[in-house]
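Trainee: Dropping a structure here in C-alpha cells format, bear with me for questions.
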Amino acid sequence: MEQRVEMKNITKTFAGVAANDSVNLTLNCGEIHALLGENGAGKSTLMNILDGIYKQDAGDIYIDGKKTVIQSPKDAIANGIGMIHQHFKLVDAFTVAENIVLGTKLDMFISERKINEKIRDIGEKYGLDVDASAYVSHLSVGEQQRVEIVKALYRNANLLILDEPTAVLTPQEAKTLFEALRDMAKRDCAIVIISHKLDEIEQIADVVTVLRKGKVVGTVKGDKIQKEYLSKLMMGEEIETNDAPLDTCTGEEVLTVKSVSAYNDKGVLGLDDMTFSARAGEILGVAGVAGNGQNVLSEILTGMRDLESGEITLDGARVDQKSVRERLQAGIAFVPEDRLGTGLVGDMDSIDNYLLRTYDKQKGIFINFSEVQQKVKDAIEEYDIAMANVHAPVRFMSGGNMQKLLLAREISLHPKLLILTYPVRGLDISAMEKVYSSMISQREKGCAILFISEDLDALMKFSDRIMVMCQGKNMGIVERERATLTNIGLMMGGRKLQDGRQDHEAV
C-alpha cells in the first residue's frame, strides 16, 4: 500500500497552550483513518494544518516522501488534499455546478456541458449523485454534503478530510455516505474522519488515531477498534455510563402544544401545525435533521419567537401570549443550542451569568453577591466545572464547562419543563455523561424534559418517547421500546407514521 501523507512532529500553540504537541500521523491511500479525542485534544487543529488553514509552529509534512510546505488551502488543493468542514462552504444562490467550479481556473473554451459531464462522471464513479443544475438553496443537507465531496474530487483531491460528517444526516444518508467513502478508499483515496461517535468509528474505520491534550496516545487497527478500548484511550480512564433502564412515565401532562405554526428567520413556516404533549417525569426526545424546525420549536416555547397560530399550555394554563420572563416564572427553563451568546454572556463572569435568570428576585437594588457566589461554588463542585476562578469571563472556559454552568443555572430554577437543545454537541464523553446524568436526575424529580438532539443513539437510550420532525411537521411519536434506527430515519426523511400507530410496522 502506497504511503500518502506523513505529518512529523507537528506542534501548534495558541496563547502559549499547545493544541498539537509533537504529533506524528501517517495517512495511507486505501484507508479510512479516524481521528478521535475529547474537546481540545487537537484533532481539528491538526487537520486544519494539513488543509492550510493553520501553519504549524514546528514539524514537517511529507507527501509521497517529499517534504511539502502547505501555507494555504490553495496549497492543500494543489497537493490533492480536500477538507469537507462540518459547516459547508457553499453559496446558496449558486447552482451545484457554479459552486463546484468556483475558485478554479477555467479554460476559456470549456463549455457548461463539459463541466456538467465531468460532475456526472465523478458522481457515477463514486456513487455521489448530484444535480449540476440545481440551486444549493433547494438541496437537503445530505445533498449539500455530496456536493462538497464532489467539489473536492473535481479538484483532483485524493485525500479527503471530513469533520463530523454524519452530524446532520439521517441514518440512511449516513449509510449512503459510508458506502461512498469505502468505494473511494478502494479506489486508492485516503479518507480522514473526525468524529466523536464511537459506534460509527468502530463500524467504518480501518485505522484510529487517538489524541489527548494535543498528543497522540495511541493508533489502533483491526480487532482493537472497539469502542470500550477507544473510550479508555481517549479519556485515560474508564467512563461510567448510566445504562440502567428508565421506568415508564405515568405523570400528568405538563406541556401541551396544539396546532402551532410559526415562521422562521427566512419568512417561511418553520413549524407547520405542530401538536404534541410532554408529561411530568418524561423525557420526550425530538429527532430530525438539523434545520427542520427544532430551534423554532424551542424559541416559540420559551417566548423568543411569536406564534402564527395555535396555543401552548403549561399545567393547563395558556402561556403562548406570555413574555420570556413570565414563562420562566411559570416554570420553563431553557438550555439553548448557542451556549455562548443566547445562553451565556462571554464577557461576564460566572456569578453575573448565574444572576441573569434571577436578578429580578433580589431585594430592592441591593444584590446579595455573596449568596450567588456560594451557589456558583456549589454548582462548580456538583457539576465538576473547571474555571480559572468565579470572577473570570466565561468566554475563557471550554465548551463543555460552559455547558455544565448553563445547565446548572437552569436546573437551579427547579423548572416544570426543561428544554435542552443539542445539549451535548461538541462535548467530550465525560461532559456528555454529566449532562445526561443531570437530565435523568431531573426526570426522576418529576420534571418534563424536551430533549432535542441529533444523536439517535442517545435519543433511543434516554427518551421515553421520540417525536420526529421534518420540515416543521410532527411526523409521529414513537415509544422508546419500539424505536429503531430504520423507522426514525425514515421519518426524519419525511415519511409519516400511518394511522397514528406508534411502532416500526407503521413505516
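The values are calculated or read from the model by the stated rules, or taken from the named source; none is laboratory data. None of these values were measured; they are calculated from a predicted model. Here Cβ is always computed from backbone atoms with ideal geometry, including for glycine, and neighbour counts include all displayed protein chains. Only protein heavy atoms, including side chains, enter the accessible area calculation; ligands, DNA and RNA are left aside. Shrake-Rupley method; radii C 1.70, N 1.55, O 1.52, S 1.80 Å.
Trainee: In segment 7-128, carbon and sulfur make up what percent of the accessible area (probe 1.4 Å)?
Mentor: Ligands and nucleic acids excluded, carbon and sulfur give 50 percent.
Trainee: Collect residues whose amide H, placed 1.01 Å from N in the peptide plane, falls under 5 Å from the amide H of G493; neighbours closer than 5 in sequence don't count.
Mentor: Close amide H contacts, sequence-distant or interchain: none at all.
Trainee: Another question, then. Check G270: other-chain or 5+ apart residues with amide H under 5 Å from its amide H, H built from backbone geometry?
Mentor: Here the answer is A262, Y263, N264, since their amide H atoms fall under 5 Å of that of G270.
Trainee: If you line up the Cα atoms of segment 192-344 on their principal axes, what length do they span on each, largest first, in Å?
Mentor: Reported extents, whole Å, longest axis first: 56, 39, 28.
Trainee: Here is a further query. What accessible area per residue, rounded to a whole number of Å², is obtained for segment 63-220 using a probe radius of 1.4 Å?
Mentor: Numbers: 7740 Å² over 158 residues.
Value for segment 63-220: 49 Å² per residue.
Trainee: With θ taken as phi - 60° and the coefficients 6.51, -1.76 and 1.60, list the Karplus ³J(HN,Hα) couplings across segment 57-72 in order, rounded to whole Hz; mark glycine and proline as x.
Mentor: 7, 8, x, 9, 10, 10, 10, 6, x, 9, 4, 10, 9, 10, 10, 7
Trainee: So how much slack lies between K175 and S323, counting 0.36 nm per residue of separation and subtracting their Cα-Cα distance, in nm?
Mentor: Here the segment from K175 to S323 would lengthen by 48.9 nm.
Trainee: In sequence order, what are the phi-derived ³J(HN,Hα) couplings for segment 117-134 according to the Karplus relation 6.51 cos²θ - 1.76 cosθ + 1.60 with θ = phi - 60°, rounded to whole Hz, with x for glycine and proline?
Mentor: 5, 5, 4, 5, 4, 5, x, 5, 5, 10, x, 10, 6, 9, 9, 4, 8, 6
Trainee: Let me ask you something else. Rounded to the nearest 5, what % of DSSP beta bridges with both residues in the chain are antiparallel?
Mentor: 55 percent
Trainee: From the phi of every residue in segment 366-376, what ³J(HN,Hα) in whole Hz does the Karplus formula 6.51 cos²θ - 1.76 cosθ + 1.60 yield, where θ is phi - 60° and glycine or proline is x?
Mentor: Once θ is set to phi - 60°, the couplings for segment 366-376 become 9, 9, 7, 5, 5, 5, 5, 4, 5, 5, 5 Hz.
Trainee: Return the Cα extents of the chain along principal axes one, two and three, sorted largest first, each rounded to a whole Å.
Mentor: The Cα atoms of the chain stretch 69, 53, 45 Å along the principal axes, largest first.
Trainee: Solvent-accessible area per residue for segment 391-454 at a 1.4 Å probe radius, Å²? Walk me through the intermediate numbers first.
Mentor: Details: 1910 Å² over 64 residues.
Value for segment 391-454: 30 Å² per residue.
Trainee: Let me ask something else. Nothing charged except the Cβ atoms of Lys and Arg (+1) and of Asp and Glu (-1): what's the magnitude of the dipole of the chain about its Cα centre? Round to the nearest 20 debye.
Mentor: Roughly 900 debye for the chain.
Trainee: Separate question: Sum -39500 (n - 2.57) across every DSSP H segment of at least 4 residues in the chain, then divide by the residue count to get the 222 nm mean residue ellipticity, nearest 500.
Mentor: -9500 deg cm²/dmol
Trainee: Out of all Cα-Cα pairs in segment 64-162, roughly what percent, to the nearest whole number, are more than 19 Å apart?
Mentor: Values: 2020 of 4851 pairs.
Of the Cα pairs, 42 percent sit more than 19 Å apart.
Trainee: Pairs of alpha-carbon atoms within less than 8 angstrom and 6+ residues apart define the contacts here; what relative contact order does segment 1-90 have, in percent?
Mentor: Values: 144 pairs, mean separation 26.9, N = 90.
Here the relative contact order equals 30 percent.
Trainee: Using Cα pairs closer than 8 Å and at least 6 residues apart in sequence, work out the relative contact order for segment 10-150, in percent.
Mentor: Reported relative contact order: 18 percent.
Trainee: On the accessible surface of segment 264-325, probed at 1.4 Å, how many percent belong to carbon and sulfur atoms?
Mentor: Accessible surface attributable to carbon and sulfur in segment 264-325 totals 43 percent.
Trainee: Something else about it: Over 21 Å apart: what share of the alpha carbon pairs of segment 332-431 falls there, rounded to a whole percent?
Mentor: 28 percent
Trainee: Go through segment 61-165 and name the chymotrypsin sites (Phe, Trp or Tyr not before Pro) that are in a DSSP coil and have 14 or fewer other Cβ atoms within 10 Å of their Cβ. Before the final figure, lay out the partial values.
Mentor: On the way: sites: Y62, F88, F94, F109, Y126, Y135, Y154; in loops: F88, F94, F109.
Of the chymotrypsin sites (Phe, Trp or Tyr not before Pro), the ones in loops of segment 61-165 whose Cβ has at most 14 other Cβ atoms within 10 Å are F109.
Trainee: Using only Cα positions of segment 424-479, each an equal point scatterer, no hydration layer, compute I(q)/I(0) via Debye at q = 0.12, 0.13, 0.16, 0.20 Å⁻¹ and quote the log10 values to two decimals.
Mentor: -0.31, -0.37, -0.55, -0.82
Trainee: Report the charge-dipole magnitude of segment 263-351 in Debye, nearest 20, computed about the Cα centre from +1 at each Lys and Arg Cβ and -1 at each Asp and Glu Cβ.
Mentor: About 160 debye.
Trainee: A further question follows. Work out how much length S111 to L340 would gain on full extension: take 0.36 nm times their residue separation and subtract the Cα-Cα distance, in nm to one decimal.
Mentor: 77.7 nm
Trainee: Moving on to the next point. Compute the helix-to-body angle for 141-154: its Cα long axis versus the longest principal axis of the chain, expressed 0 to 90° and rounded to tens.
Mentor: Tilt of helix 141-154: around 20 degrees.
Trainee: Still on this model: Considering amide H positions built from the backbone, and no H for Pro or chain starts, which residues 5 or more places from M83, or on another chain, come under 5 Å of its amide H?
Mentor: I161
Trainee: A further question follows. How much accessible area per residue does segment 255-345 have, counting only protein heavy atoms and a probe of 1.4 Å, in square angstrom?
Mentor: Details: 3630 Å² over 91 residues.
Spelled out: the 1.4 Å probe surface of segment 255-345, per residue, equals 40 Å².
Trainee: Between segment 279-352 and segment 440-487, what is the separation of their alpha carbon centroids in Å?
Mentor: When both Cα centres are located, 17 Å separates them.
Trainee: Run the numbers on the chain and let me know its relative contact order in percent, using alpha-carbon pairs under 8 Å that are six or more apart.
Mentor: On the way: 1002 pairs, mean separation 74.3, N = 507.
Relative contact order comes out at 15 percent.
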